[in-house]
1. Report yes if some residue within segment 194-205 is closer than 30 Å to Glu117 by Cα, surrounded by fewer than 21 Cβ atoms within 10 Å (Cβ to Cβ) and more than 19 Å from the chain's Cα centre (by Cα); otherwise report no.
2. If you go through segment 94-147, how many residues are assigned to a strand (DSSP E or B), within 24 Å of Cys240 (Cα to Cα) and either charged (D, E, K, R) or in contact with a Cys (Cβ under 9 Å, 6 or more places away or on another chain) (or both)?
3. Can you tell which of Ser109, Ser116, Ser100, Ser137 is out of contact with any Pro (no Cβ under 7 Å at 6 or more places or on another chain) and free of Cβ contacts under 8 Å to residues at least 24 places away in the same chain?
4. Name the residue that is nearest to His203 (Cα to Cα), counting only residues in segment 1-26 that are surrounded by fewer than 17 Cβ atoms within 10 Å (Cβ to Cβ) and in contact (Cβ under 8 Å) with a residue 60 or more places away in the chain.
5. Against the definition (surrounded by fewer than 20 Cβ atoms within 10 Å (Cβ to Cβ), in contact (Cβ under 8 Å) with a residue 60 or more places away in the chain, closer than 21 Å to Ile9 by Cα and touching an Asp or Glu at 6+ places or on another chain (Cβ under 8 Å)), how does Ile171 come out, yes or no?
6. So if I check each of Leu272, Leu264, which one is surrounded by 13 or more Cβ atoms within 10 Å (Cβ to Cβ), modelled with pLDDT of 95 or more, closer than 26 Å to Tyr130 by Cα and touching an Asp or Glu at 6+ places or on another chain (Cβ under 6 Å)?
7. Would you confirm whether any residue within segment 72-81 is surrounded by fewer than 16 Cβ atoms within 10 Å (Cβ to Cβ), free of Cβ contacts under 8 Å to residues at least 12 places away in the same chain and more than 27 Å from the chain's Cα centre (by Cα)?
8. Since Glu210 meets every condition but one in (1) more than 17 Å from Gly174 (Cβ to Cβ); (2) in a loop (DSSP other than H, G, I, E, B); (3) touching a helix residue (DSSP H, G or I) at 6+ places or on another chain (Cβ under 6 Å), which condition does it not meet?
Amino acid sequence: MGNIEMGPIRPPSESNSLLIRVTRGCHWNKCYFCGLYKSMRFSMRPIEDIISDIEAQSAQHTGQSFKSCFLQDGDALVLKTDYLLKILDALHHYFPTLESVTTYARADSITRKSLSELKVLREHGLNHLYCGMETGSDRVLQLINKGFDSNTVIQSGCLAKEADMILSEFILLGIGGKEFSEENARKTADALNIIQPDFIRVHAVGFKPESMMWQLIQDGTISLQSEEEIVREQRLFLQCLKEMNSYYVNEHIVNLLLEVRGDLLSEKSQMLSAINRFLNLPPEERLLFAIGRRFNMFFFLEDLQKPNLRSQAQLYMDEIKKKNPNMDFAFLCNYIRQSQI
């Protein structure tokens, strides 16, 4: 893209959005599970550079209409409100077809804004926040060094909703290991039942070998869960969620059961049925599906019944067992998951 600066990531749902980098890295950058920005020093980009990029992208995309723009990197809401307003005004000047502007936003960045500030940002087009709450458990939040507690999670979510912003909450299944699995499911559901976000975006955790979380696994503080155990955690989490006006989605390739998605008001029972279909499979079938998913042969449970895909997965399974009869499949699947995020 020439001299236009781009950040490393965006949410899966923003795949067709205009991307504008307003900060570099993450201003917290201390979460034990995340290594994305560890080698990057946080900085706010000069406003002149940001507006220059907006103008350059406008020229580059002449004739192309964008409905959404995502502000990179880890949390644009950390910027002062006046700074953000200049960016938003420039965006709508150069891209008048924009219907929404979105960004990642830490819970403590949301609570540092007043309700009136959030409403002004909403009026100027910043209308969708992606908040990585990860969990509603105070013990797990402390374990992962998130930097805030569940009260901040709840306060920030309610504040965003009161400002009439669209709110997506990301949660991490398996982030507390076997030891905190039930607590993670129940406490996260408790927080979300109060917040009632527009979207609940579910991600299975993948512990990276270089992360502090992996050290916690190595020293026995927490234990890796199998794919089945993470799915059981998801079932409990979903069971504990109220039927609210929220869309629940396993949208990332890192998740085992991509078909588990739907409106919590009307499709909760269907989502639980999909989870139970997996859990009711014989153990070898559950493992075969997990291997097929992790090696991108299966994408949905029904793929297990397709002879050509099933035979491919079985060949992989047989080869793995032949090379390593004592393979730890929880370790293998975690290794693949962490490589996808």
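1. Let us first name the residues in segment 194-205 that are closer than 30 Å to Glu117 by Cα, namely 194-202.
Subsequent filtering for residues that are surrounded by fewer than 21 Cβ atoms within 10 Å (Cβ to Cβ) retains 194, 196, 198-199.
Pick out the ones that are also more than 19 Å from the chain's Cα centre (by Cα) and you get 194.
Checking segment 194-205: at least one residue is closer than 30 Å to Glu117 by Cα, surrounded by fewer than 21 Cβ atoms within 10 Å (Cβ to Cβ) and more than 19 Å from the chain's Cα centre (by Cα).
2. Matching residues across segment 94-147 total 2.
3. Values: Ser109 fails: free of Cβ contacts under 8 Å to residues at least 24 places away in the same chain; Ser100 fails: free of Cβ contacts under 8 Å to residues at least 24 places away in the same chain; Ser137 fails: free of Cβ contacts under 8 Å to residues at least 24 places away in the same chain.
After applying the criteria, what remains is Ser116.
4. The extreme case among them is Pro12.
5. On the way: surrounded by fewer than 20 Cβ atoms within 10 Å (Cβ to Cβ): no; in contact (Cβ under 8 Å) with a residue 60 or more places away in the chain: yes; closer than 21 Å to Ile9 by Cα: yes; touching an Asp or Glu at 6+ places or on another chain (Cβ under 8 Å): yes.
So Ile171 fails the test.
6. Numbers: Leu272 fails: touching an Asp or Glu at 6+ places or on another chain (Cβ under 6 Å).
Leu264 is the lone residue from the list that is surrounded by 13 or more Cβ atoms within 10 Å (Cβ to Cβ), modelled with pLDDT of 95 or more, closer than 26 Å to Tyr130 by Cα and touching an Asp or Glu at 6+ places or on another chain (Cβ under 6 Å).
7. No, every residue in segment 72-81 fails to be surrounded by fewer than 16 Cβ atoms within 10 Å (Cβ to Cβ), free of Cβ contacts under 8 Å to residues at least 12 places away in the same chain and more than 27 Å from the chain's Cα centre (by Cα).
8. So the condition that Glu210 fails would be (3).
The values are calculated or read from the model by the stated rules, or taken from the named source; none is laboratory data. All values reported here derive from a predicted model rather than from experimental measurement. As a convention, Cβ positions derive from the backbone with ideal geometry for all residues, glycine included, and neighbour counts pool all protein chains shown.
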